[in-house]
1. Collect the residues in the stretch 151-175 that are in contact with a Ser or Thr (Cβ under 9 Å, 6 or more places away or on another chain) and among the charged types (D, E, K, R), keeping them in residue-number order.
2. Kindly establish whether residue 100 is at pLDDT below 95, of a type outside the set (A, V, I, L, M), more than 20 Å from residue 171 (Cβ to Cβ) and surrounded by fewer than 17 Cβ atoms within 10 Å (Cβ to Cβ).
3. Name the residue that is surrounded by the most Cβ atoms within 10 Å (Cβ to Cβ), counting only residues in the stretch 128-175 that are assigned to a strand (DSSP E or B) and small (Gly, Ala, Ser).
4. Of all residues in the stretch 106-127, count the ones that are within 30 Å of residue 42 (Cα to Cα), within 19 Å of the chain's Cα centre (by Cα) and exposed (fewer than 14 other Cβ atoms within 10 Å of the Cβ).
5. Restricting attention to the stretch 34-50, and to residues there that are surrounded by 12 or more Cβ atoms within 10 Å (Cβ to Cβ) and free of Cβ contacts under 8 Å to residues at least 60 places away in the same chain, which single residue is farthest from the chain's Cα centre (by Cα)?
6. Would you be able to tell me the number of residues in the stretch 51-77 that are surrounded by 16 or more Cβ atoms within 10 Å (Cβ to Cβ) and closer than 23 Å to residue 160 by Cβ?
7. Is one or more of the residues making up the stretch 49-58 among the aliphatic types (A, V, I, L, M), modelled with pLDDT of 95 or more, touching a Phe, Trp or Tyr at 6+ places or on another chain (Cβ under 7 Å) and not in a loop (DSSP other than H, G, I, E, B)?
Amino acid sequence: MRKQLAALCVLLSLGVAAKDEEQRFEVSHVKVGLACVKTTPEPDQDGWVCQPTKDIYVVDQGSCVYDKREVPCTWHGLEFDYKGAKPGAKLVCNVTSSQQTILGNPKGAAKSGAKQLTYELRLDKSEGHHFEAQYTVFELHEVSSADVAEHTQCALDGHVALSYDQVFHFPVESH
């Protein structure tokens, strides 16, 4: 009986040690909002969320490549610190929009009339800082569709790591 109890104690202590070494994936210091992509406070960073905000007012002051052509746009983005990731892990982000939209990127328009989008964010290191620049193409809207609400939820291995809401305010056609 004592041998079994001693063996059980050893196994339990090994299990606890293994569990303590196993680090959970954590995200902190999440910022979403308007992005500055030409300047940065950190020399090794490609941009940053310079104006954290839920409300994105879409204007024509930025320039982006969309569908193989340069177009006016508004830059926005997401940044966060993370730890406990396996290098190369991918956060899977699902975006749900209040209105149908045309999804695309510099290579082309991918989907028309979509209300949902899924994309991945690759985490190269086990811990660090991630900045993801995104843009919205400038376009005029009718009054009834000037505001587009979006909910984004990002998960790693099926576990939600972060979620946020944004409202995109488009300029209205004047009559």
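1. Correct list: 165 only.
2. No; evaluated as a whole, the condition is false for this residue.
3. Going through the qualifying residues, I end up with 161.
4. Residues that pass the stated criteria total 5.
5. This residue is 40.
6. 3
7. Yes - at least one qualifying residue is present in the stretch 49-58.
The values are calculated or read from the model by the stated rules, or taken from the named source; none is laboratory data. What you see is a predicted model; the values in this text were computed from it and never measured. Here Cβ is always computed from backbone atoms with ideal geometry, including for glycine, and neighbour counts include all displayed protein chains.
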